[in-house]
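First the structure, in the form of structure tokens, and then the observations on it.
No value in this document is a laboratory result; all are computed from the given coordinates. Remember, predicted model here, so these are calculated numbers, not experimental data. Virtual Cβ from ideal backbone geometry, glycine too; neighbours counted across all protein chains shown.
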Amino acid sequence: MSSQSRHTFLDLFRGLFVLLMIEGHLIRTVLDGFSQSLTLFQLHEILHGITAPGFLFTSGFALAIASHRKRNELQSLSPLLFQRLWRGLALVLLGYILHVPYWSLTKTLTASTAEQWNALVAFGVLQLIGTVILLVRLLFYLIRDDRLFLGVLSLLFLSAVYLTPMMWDSAVTGSLNEFLRAAVSGSSGSPFPIFPFAGFFIAGTVVSWLFLDQVGVRGERWFMQMLALAGVVCTVAGIAGDLLPISLFGKSDFWYTGPSYFWIRLGILLLLMSSFWFLEHLHSQAPDVLPFNPHWISTLGRESYFVYIVHLFVIFGWLVNPFTNLRVYFGGQLTWIPALALAVALIAALVVLSSAWHGLKKEHPPVVQGLIAWFWITTSYYIVFNPF
């Protein structure tokens, strides 16, 4: 495969998790109480236990590819390095801005209710991704040897997996600043704390780095076969670990802090990624067998951050549309059939928007840069300088 089409499987893989993310957030928001009490909804939630890890894993995978391509610039004090560091910091800031309850920092600090404040300090997926991007970028700049770099990342990965039970213990993190406590632990309500979710992002980075290093030596097929085998091993190890009569890493909850559940989800991700590669390879070798190439899913994958932010506005609203969003219109009111129909309509609209955004980035990059700059300038001005 050419270098241009070489990573199509990654866009498709990432696009799948974007689809699941949109559907999952919408269904949880609009489905009525009775429908959520049914077994179907419980199965739905089990399936979506892999959505966020998959989104994080593919984000880490993509970061490694971008770093490989620009190695010389990213390992020197170049404009590109500072640009990429800003992107990470911007994601962290954006994650907090999307939960600011008022168009005023002063009012937010002095008049927020307990619920609003908890929502603000909670560590979300944007803060998590931005923080790990900053960490990996800085490590890549400081550590020039690939083996040492991967060794440090692997150590951080294992820490994210096995220190989670301890970091979720309020006796350990209770004395931390509330922002820092929310960042490292989910015990205070953070949906995506560093422990354990940074582990999925770092795992994607390490797997991608190994993939890029090995394809020229042993070939992509060999690597993907080994990746599938690793997926089986991780899944079996996770199941076996849960069956042990004792906990080797302290008291943990299987669904939230348990290392076993982490390994099971990681194993499934490795199996899925290798499967997507083989499907893409089959299509390239025999297009008559798989004649349909869902480019729209690839576009969702390439523009995953854009889609993520827009779908939050549409479903949950923000300062600009607190009363004109799907949660206000349909929250907790729909049964399964109309809820799924609404999900299909929303996905179709986001496909069109992501395609338009992708085309605008490709054909008119200065326009996109101007729109992004306008967002940051106007949002920062109103939030910082509004007195109350």
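Springs between Cα atoms under 10 Å define the GNM used for the chain, and in it the highest mean-square fluctuation of Val125, Val184, Val217 occurs at Val217.
So if R0 is 41 Å, what FRET efficiency would Ala345 and Gln285 give, r being the distance between their Cβ atoms, rounded to the nearest 0.05? Let's see the in-between values first.
On the way: r = 36 Å, r/R0 = 0.88.
Given R0 = 41 Å and the Cβ-Cβ separation, E is 0.70.
Across region 151-156, computed HN-Hα scalar couplings (Karplus, 6.51 cos²θ - 1.76 cosθ + 1.60, θ = phi - 60°) run x, 5, 4, 5, 5, 5 Hz from first to last residue, x flagging Gly and Pro. Taking the number of Cβ atoms within 10 Å of each Cβ as an exposure proxy, the fewest-first ranking of Asp32, Asp253 is Asp253, Asp32. Rounded to the nearest whole Hz, the Karplus-based 3J(HN,Hα) values (6.51 cos²θ - 1.76 cosθ + 1.60, θ = phi - 60°) of region 312-329 follow the sequence 5, 4, 5, 7, 9, x, 8, 4, 7, 9, x, 10, 10, 8, 5, 5, 5, 6, with x at glycine and proline. Once backbone amide H atoms are built at 1.01 Å from N, Leu38 has no partners under 5 Å, excluding neighbours fewer than 5 places away on the same chain.
Taking other C-beta atoms within 10 Å as the exposure proxy, Leu12, Leu38, Leu56 rank Leu38, Leu12, Leu56 from fewest upward. Each of Thr164, Gly258, Tyr329 was placed along the dipole of region 8-385 (beta-carbon charges, centred on the mean Cα), and the one lying farthest toward the positive end is Thr164. Of His364, Phe375, Ser275, which is farthest towards the positive pole of the chain's charge dipole, taken about the Cα centre with +1 and -1 on the beta-carbons of Lys, Arg and Asp, Glu respectively? Value: His364.
Reducing region 102-151 and region 364-388 to their Cα centroids gives an inter-centroid distance of 20 Å. Residue-wise HN-Hα couplings along region 87-99, as the Karplus relation 6.51 cos²θ - 1.76 cosθ + 1.60 with θ = phi - 60° gives them from phi, are 4, x, 5, 4, 5, 4, 4, 5, x, 6, 4, 5, 10 Hz; Gly and Pro carry x. With springs connecting C-alpha atoms under 10 Å apart, model the chain as a Gaussian network and identify which of Ser208, Ser159, Ser260 has the largest mean-square fluctuation. Result: Ser159 has the largest fluctuation of those listed.
Simple point charges give the picture: +1 on the Cβ of Lys and Arg, -1 on the Cβ of Asp and Glu, and for the chain a dipole about the Cα centre of about 740 debye.
Per DSSP helix of 4 or more residues, -39500 (n - 2.57); summed, then divided by the residues of the chain. What does that give at 222 nm, rounded to the nearest 500?
That comes out to -24000 deg cm²/dmol.
Put in line by how crowded their Cβ is, counting other Cβ atoms within 10 Å and starting with the fewest, Glu303, Glu363 read Glu363, Glu303.
log₁₀ I(q)/I(0) of region 8-385 at q = 0.11, 0.15 Å⁻¹, via Debye over equal Cα point scatterers, no solvent, to two decimals? For region 8-385 at q = 0.11, 0.15 Å⁻¹, log10 I(q)/I(0) is -0.87, -1.74.
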